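Notes to accompany the following structure.
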Amino acid sequence: MPLVRKAADGERNDDHVENKRQHAVSHQGQDMAALKTIFNVSHATISNWLTAWETKCIVGLRNQAGQGRKAILVSTDFALIKAKVQLNPQHLKLVRTELKAELAKEFSEKTLKRFLKSLPGRRAVRPLGDGGASA
């Protein structure tokens, strides 16, 4: 028996779908309240998961592209950021101020640090000079 069927006369489709979801979950031995407690999420989240499962199976439960916060600093900004950090590697507040003006983006010093940490080959972002050799 499919989880979702056409609603009977006089029955709201939303209620019918919700009842079928709860029936399917209870058939597995869990009710909505138990799932909310287990996963520490809201009723709406459980309902969204069940809808995704019913329509797309396991693929529907995967995180989709575009979910999450959009990056403030992106890889296209890398060359400019690298140049500024190389000039003042110990003064990220100054670097941030200069970058905010040039990129016309609002971000914190912590965001700049996270961006620098996320780069592959982070050691490539070093101050200009003799590489730390002393005379």
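Before moving on, here are some points about what is shown:
- Unique match (being touching a residue at least 24 places away in the same chain (Cβ under 8 Å) and not small (Gly, Ala, Ser)) among LEU80, LEU73, LEU61: LEU73
- Unique match (being among the hydrophobic types (A, V, I, L, M, F, W, C) and within 15 Å of THR111 (Cβ to Cβ)) among LEU87, LEU92: LEU92
- Qualifying helices (runs of 4 or more DSSP H) (wholly inside region 1-67; at least 2 residues being open to solvent by 50 Å² or more (accessible area, probe 1.4 Å) and modelled with pLDDT of 75 or more): 32-39, 43-56
The values are calculated or read from the model by the stated rules, or taken from the named source; none is laboratory data. Model, not experiment: these values are computed from the prediction. Positions of Cβ are backbone-derived with ideal geometry, glycine not excepted, and every protein chain shown enters the neighbour counts. Side chains are part of the model used for accessible areas, which takes the heavy atoms of the whole protein and leaves out ligands, DNA and RNA. Shrake-Rupley method; radii C 1.70, N 1.55, O 1.52, S 1.80 Å.
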